[in-house]
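Take a look at the structure set out below.
The values are calculated or read from the model by the stated rules, or taken from the named source; none is laboratory data. As the structure is a computational prediction, the values presented were derived from the model and not from experiment. Backbone-built Cβ (ideal geometry, glycine too); neighbour counts: all protein chains shown. Surface accessibility is based on the protein's heavy atoms, side chains included, excluding ligands, DNA and RNA. Shrake-Rupley method; radii C 1.70, N 1.55, O 1.52, S 1.80 Å.
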Amino acid sequence: MEIPFLTLDIQHRRVRDEVLGCVESLYDGGRYILGSAVERFETEYALFSGTRHCAGVGNGLDALYLALAALGVGPGDEVIVPSNTYVATWLAVSRAGATIVPVEPDPATFNLDPEGVEAAITGRTRVILPVHMFGRACPMAAIMQIAGRHGLHVVEDNAQAHGAVCDGRRTGGIGHVNATSFYPTKNLGALGDAGAVTTDDDAAADAVRTLRNYGSDRKGYSRLVGVNSRLDELQAGILSVKLAHLERWNLERRRIAGWYDERLRDVAGLTLPAAAPGDGHVHHLYVVRTRARDRLQRHLAEGGIGTMVHYPVPPHLQEAYRDLGYRVGDFPIAEELADTSLSLPMFLGMTEAQVQTVAGHVVEFVEKGG
Ligand SMILES: *Cc1c(COP(=O)(O)O)cnc(C)c1O
């Protein structure tokens, strides 16, 4: 029995009628850009995030860029980012024209280490950009305290953690101006590209709404050098349908992670995702670590089990960032995570028997001498 790394089939079967009903009514409604479906989703997602505003945009990378642009971040400014994040986080800073200042994560949580953040602050630092890696909330209280002490803004990258909770508040609603992605495989996913910025800051929300639409807030007049990055009506309608299911779906992810935890807890040489307090983990991915990563991945593939590596090359070693002059060894924790991490199958509808099968193959690998 093959087990894919990920399938959206089961999730999509569950909401098929609701989604198709919504698409049909938008199709007939005849308004496809910045209409009532976007407004409705923005209201719902702001409520969900605990923020006054949500502005829907074209994708997660644009959301990050527009959040930075709304804060006036540009050339000469420094933005602190994790050394082990998905490259999109770095690309947003590059696009704003600002300087990337990578900080190493806590290897146990994959998330930014507040001490490292504080040590990286200079007179030019403007923004701290924590990423809630794989669905686990960053230590936001410490990060917000550091930002407050130094007069900095915090931009959360919440692309992987819709619904995660930190000290009683949802991620994406803690930093000053926050970005998220609704790429199809995220915990809340559209059927195409989509993203959003969430914030309590009236001026920043207004700036994002203007920038996403050619810098125009009145038809025919552009007041900022904007972009075209609007959330479209169809995606917004689909996201509203799915948002109503998100909390239940996150509980399901937690249950699947629990099944893995039970079965893999005592496997020698395997590091499991660190437990998070409260609802602090929504298990976008279930990432284990082992020195024998490549061989374990091959063993699982031979057993018909799909896995992925998030991410095989840390941003500082990507060809795109060759000009920054980084070398192997510059961010040893990010490099170690890239070499040892393996994402096991995790998807809505995954059964306990499937988890048992995956775990069985992992245990078999270890027992054969790993
Ligand atoms: C998916 C993702 C993004 C980018 O989102 P897109 O919608 O694909 O542009 C940014 N940051 C992180 C951490 C992500 O996982």
Here are Glu104, Glu115, Glu24: which of them is surrounded by fewer than 24 Cβ atoms within 10 Å (Cβ to Cβ), modelled with pLDDT of 95 or more and within 25 Å of Leu243 (Cβ to Cβ)? Glu24
Residue hits (the range 222-259; farther than 25 Å from Leu64 by Cα and without any contact (Cβ under 8 Å) to a residue 60 or more places away in the chain) are Arg248, Leu251, Arg254, Arg255, Gly258
Which numbered condition in (1) open to solvent by less than 20 Å² (accessible area, probe 1.4 Å); (2) within 30 Å of Cys166 (Cβ to Cβ); (3) not β-branched (Val, Ile, Thr) is the only one that Arg248 fails? (1)
Residue satisfying condition, being buried (at least 24 other Cβ atoms within 10 Å of the Cβ), within 15 Å of the ligand (Cβ to nearest atom) and in contact (Cβ under 8 Å) with a residue 40 or more places away in the chain, within set Gly135, Gly163: Gly135
Within the range 280-299, considering residues that are touching a Gly at 6+ places or on another chain (Cβ under 8 Å) and away from the ligand (no atom under 16 Å from the Cβ), the one farthest from Gly360 (Cα to Cα): Arg291
Looking at the range 178-199, which of its residues are over 15 Å from the mean Cα position of the chain (by Cα), within 16 Å of the ligand (Cβ to nearest atom) and not in a loop (DSSP other than H, G, I, E, B)? none
Give the residues of the range 310-328 that are closer than 29 Å to Asp261 by Cα and surrounded by 17 or more Cβ atoms within 10 Å (Cβ to Cβ), sorted by residue number. His310, Tyr311, Pro314
Is there a residue in the range 142-152 that is closer than 21 Å to Val197 by Cα and assigned to a strand (DSSP E or B)? no
Subset of the range 182-218 [open to solvent by 10 Å² or more (accessible area, probe 1.4 Å) and of a type in the set (Gly, Ala, Ser)]: Gly192, Ala203, Ala207, Ser216
Of (1) open to solvent by 60 Å² or more (accessible area, probe 1.4 Å); (2) without any contact (Cβ under 8 Å) to a residue 24 or more places away in the chain, Arg40 fails just (2)
Starting from residues that are in a strand (DSSP E or B) and over 21 Å from Val73 (Cβ atoms), keep the ones in the range 166-177 and report whichever is most open to solvent (accessible area, probe 1.4 Å). Arg169
Condition check for Leu243: under 18 Å from Ala164 (Cβ atoms), open to solvent by 10 Å² or more (accessible area, probe 1.4 Å) and away from the ligand (no atom under 16 Å from the Cβ): yes
Suppose we filter the range 9-21 for residues that are open to solvent by 40 Å² or more (accessible area, probe 1.4 Å) and of a type in the set (A, V, I, L, M); how many remain? 2
Starting from the range 60-82, keep only residues that are under 27 Å from Gly189 (Cβ atoms), then list their pairs with residues that are among the aromatic types (Phe, Trp, Tyr) and buried (at least 24 other Cβ atoms within 10 Å of the Cβ) whose Cβ atoms are within a distance under 8 Å, requiring at least 6 positions of separation or different chains. Gly60/Phe182; Val81/Trp90
Which helices (runs of 4 or more DSSP H) sit wholly inside the range 22-131 and have at least 1 residues that are away from the ligand (no atom under 16 Å from the Cβ)? 36-49, 60-70, 114-120
Select from the range 337-348 the residues that are out of contact with any strand residue (DSSP E or B) (no Cβ under 6 Å at 6 or more places or on another chain) and crowded, with 16+ Cβ neighbours inside 10 Å and write down the one among them that is farthest from Arg293 (Cα to Cα). Leu348
